[in-house]
Amino acid sequence: MSKNREIPPMHPASAVDFLPLAQLRDVQFTRLKFIVQRAYDNVALFRKRMNERKLKPGDLRTMEDIVKLPFTVKTDLRDTYPYGMAASPLQEIVRFHASSGTTGKPIVVAYTKEDLDDWTRAMVRSFAACGVHSGDIVQNAYGYGLFTGGLGAHYGAEALGASVIPISGGNTDRQIMILKDFGVTVICCTPSYFLHLIERAAELGMDIKEMPLSIGVFGAEPWTENMRERIEAGSGIKAYDIYGLSEIVGPGVAMECTHQAGPHIFEDMFYPEIIDSKTLEPLSDGTEGELVLTTLCKRAMPMIRYRTRDITSLEPARCACGRTLRRIRRIGRRSDDMLIIRGVNLFPSQIEAALLKVEGTLPHYQIIVDRQKGLDTLEVQVEVTNEALSDTVGGLEQLQKQLARSIEGITGLRPALKLVAPRTIQRSEGKARRVIDKRIL
Ligand code: DLL
């Protein structure tokens, strides 16, 4: 049973969510031309790709011409690390964030002051869409730091006029104490962490159903309708899905409205396409494929046709809320091997890079992911040489510590480590099976 909340009057920033379609397409095309010109003038990689196709920004005649533009992929950000994709001089860049790359280095994203204002507006529209308003007390348990979740949600909620508690992630018992003592009405965190909060509160003899909390803004990892039901039944709140990714802006690319029928993409800012990830051909609305996004406003680091690797479809039917913005279906899987562990993105290749830096290890490893009491667990098993195994206990412990440091340095995660003898990890005849993901969402 969910707690009753009045639906507030429409927030002024949300008016653009309801633009008549013809007007929305006009806005999109005007912005597309601007951003493509900006990227062409300032980003060498983009200009080179356009020139290879004998394309000039002026060749864009309608929105449909977007399919002629080259794609951008995560490795482009790695290859131009750290500033190569920037379209603004450093003097105009006021913020950086970073996210996992596929190997040792993170990928870096940059914002001008105007970009931060636009992002805040997207977050205001996100919060407003699910009924958050001034007077709400928002516990922001997304991580503050290089991750975009903390600061993105923070500035959006503040700009909306809500009272923000910048608690960041972790320290579960303190989260529960503050949830109760401060009379928190809105929580922002990953859905799995909120399930963990429900369980821990029960262990402490507390019931979130009896607290004023009534809205959860959950994202940064895949979740399911089943998890939504468990969250809502276990806490009496309404659970809303928020989607975003660092390369595009952070959270606030798409957000569910009170109808909970899939996140609406803020299309006037982020233009969505769906492609077949093998043939790269565009697919029509309603067909499942890889989401490709173009930032229509971002000045510091425009992303043109960025391949998100997230698999979804664009919902063709209009939502009952009346927004003209299309919705995405829940994202349940990706077209690459990226894992999300407690909201942290992890590529198996990062673990490999970390292991191979340390002498005494062999290039055979396995990553085992599970979920206990709502929290993801991560174990890395790695084969070590016979010499390393026959070393003293102290020597082995030293190796274990070195490996842990190396993995944490690259991924930010501290997995349980298990050193095993050569040829212990099962060999596969084809592709090595690096990841065993036992989580049931
Ligand atoms: O996770 C931004 C974010 C923060 C979104 C807070 C929502 C809330 P990254 O760390 O770059 O950015 O990870 C982006 O996470 O490509 C998806 O694979 C996944 N993801 C994000 N939101 C959702 C969601 C942030 N609602 C990657 N459902 C994306 C499923 C999600 N997957």
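Structure above, values below:
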| quantity | calculated |
| --- | --- |
| Positions within region 368-397 being in contact with a Leu (Cβ under 7 Å, 6 or more places away or on another chain) and touching a residue at least 24 places away in the same chain (Cβ under 8 Å), in sequence order | VAL369, GLY374, LEU378, VAL380, VAL382, GLU383, VAL384, THR385, ALA388 |
| Helices (runs of 4 or more DSSP H) lying entirely in region 115-215 (those with 1 or more residues that are among the basic types (Lys, Arg)) | 172-181, 191-203 |
| Residue identified as over 15 Å from GLU352 (Cα atoms) and touching an Asp or Glu at 6+ places or on another chain (Cβ under 8 Å) among LYS438, LYS401 | LYS438 |
| Close pairs from region 232-251: first assigned by TED's automatic domain parsing to the domain that holds GLU199, partner of a type in the set (Asp, Glu) and near the ligand (Cβ under 10 Å from one of its atoms), Cβ under 7 Å, at least 6 apart | TYR240/GLU256; ASP241/GLU256 |
| Options VAL43, VAL67: the member that is within 26 Å of the chain's Cα centre (by Cα) and surrounded by 17 or more Cβ atoms within 10 Å (Cβ to Cβ) | VAL43 |
| Selection status of ARG414, surrounded by fewer than 18 Cβ atoms within 10 Å (Cβ to Cβ), within 16 Å of the ligand (Cβ to nearest atom) and of a type outside the set (S, T, N, Q) | no |
| Residue selected from region 224-264 under the condition in a strand (DSSP E or B), touching a Lys or Arg at 6+ places or on another chain (Cβ under 8 Å) and near the ligand (Cβ under 10 Å from one of its atoms), by the criterion nearest to ILE187 (Cα to Cα) | ASP241 |
| Those strands (runs of 3 or more DSSP E) lying entirely in region 305-379 with at least 3 residues more than 16 Å from the ligand (Cβ to nearest atom) and over 18 Å from the mean Cα position of the chain (by Cα) | 361-372 |
| Looking only at region 386-411, and only at residues there that are of a type in the set (Val, Ile, Thr) and surrounded by 14 or more Cβ atoms within 10 Å (Cβ to Cβ), the one that is nearest to ARG342 (Cα to Cα) | THR411 |
| Filter pass, PHE29 being closer than 29 Å to THR103 by Cβ, of a type in the set (A, V, I, L, M, F, W, C) and crowded, with 16+ Cβ neighbours inside 10 Å | no |
| Given (1) surrounded by 19 or more Cβ atoms within 10 Å (Cβ to Cβ); (2) within 15 Å of the ligand (Cβ to nearest atom), number of the condition VAL184 does not satisfy | (2) |
| Filtered residue count, region 155-204, keeping only those that are of a type in the set (Val, Ile, Thr), touching a residue at least 40 places away in the same chain (Cβ under 8 Å) and more than 30 Å from ARG121 (Cβ to Cβ) | 1 |
| Region 314-323, subset surrounded by fewer than 19 Cβ atoms within 10 Å (Cβ to Cβ) and out of contact with any Cys (no Cβ under 7 Å at 6 or more places or on another chain), residue modelled with the lowest pLDDT | PRO316 |
| GLU267 touching a helix residue (DSSP H, G or I) at 6+ places or on another chain (Cβ under 9 Å), near the ligand (Cβ under 8 Å from one of its atoms) and assigned to a loop (DSSP other than H, G, I, E, B) | no |
| Selected residue (criterion: nearest to THR190 (Cα to Cα)) from residues of region 327-342 that are surrounded by 20 or more Cβ atoms within 10 Å (Cβ to Cβ) and either free of Cβ contacts under 8 Å to residues at least 60 places away in the same chain or of a type outside the set (Val, Ile, Thr) (or both) | ARG342 |
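The values are calculated or read from the model by the stated rules, or taken from the named source; none is laboratory data. These figures come from a predicted structure and were not determined experimentally. Here Cβ is always computed from backbone atoms with ideal geometry, including for glycine, and neighbour counts include all displayed protein chains.
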